Amino acid sequence: MYNNQKFIDMLLKCAVTCKFCANQCLNEHNIEMLKDCIRLNNNCSDICEATANFLIRESQSDNDLVKICEAICRQCSEECSKHEHEHCKECAKICKDCEEMCEAF
């Protein structure tokens, strides 16, 4: 049986990690190069938080939202993995883990 609490915890961890990465990107020298990363981090954070909230409420829209979350986590992971900053590498890993949990849902 699937454990929703572990999934919710992962979603919230991903949301926080993405917020941190976006904020750290703003401190880097070449912000122009990181615009897509920042946007995707913000989108990923928002969708992960929303998905966690829907799961907590046991919404009927869980499956649809999880599929969207999976796609955005994948996009964010792919974008972050293009950058050499430690916060981007960590974010790419967490987003990939979250994507895999979404897929398993």
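Here are a few things to note about the model shown:
- Search result, residues across the stretch 14-32 that are in contact (Cβ under 8 Å) with a residue 24 or more places away in the chain and open to solvent by 60 Å² or more (accessible area, probe 1.4 Å): 16, 19, 20
- Residue count for the stretch 1-59, restricted to those that are basic (Lys, Arg), more than 11 Å from the chain's Cα centre (by Cα) and under 18 Å from residue 102 (Cβ atoms): 2
- Scanning the stretch 1-15 turns up no residue that is at negative phi, part of a helix (DSSP H, G or I) and among the hydroxyl-bearing types (Ser, Thr, Tyr).
- All positions within the stretch 63-101 that are in contact with a Lys or Arg (Cβ under 9 Å, 6 or more places away or on another chain) and in contact (Cβ under 8 Å) with a residue 60 or more places away in the chain: 88, 94, 95, 97, 98, 101
- Among the residues of the stretch 21-47, those that are among the hydrophobic types (A, V, I, L, M, F, W, C) and not in a loop (DSSP other than H, G, I, E, B) comprise 21, 22, 25, 31, 33, 34, 37, 38, 40, 44, 47.
- Hey, residue 50 in contact with a Lys or Arg (Cβ under 9 Å, 6 or more places away or on another chain), surrounded by 15 or more Cβ atoms within 10 Å (Cβ to Cβ) and part of a helix (DSSP H, G or I) or not: no
- Candidates 81, 59 - the one that is modelled with pLDDT of 95 or more and of a type outside the set (A, V, I, L, M, F, W, C): 81
The values are calculated or read from the model by the stated rules, or taken from the named source; none is laboratory data. Fair warning: this is a prediction, and the values are worked out from it, not measured in the lab. Don't worry about glycine lacking a Cβ; one is built from the backbone with ideal geometry, like all the others, and counts go over all protein chains shown. Quick note on the areas: whole protein, heavy atoms, side chains included, nothing else; ligands and nucleic acids left out. Shrake-Rupley method; radii C 1.70, N 1.55, O 1.52, S 1.80 Å.
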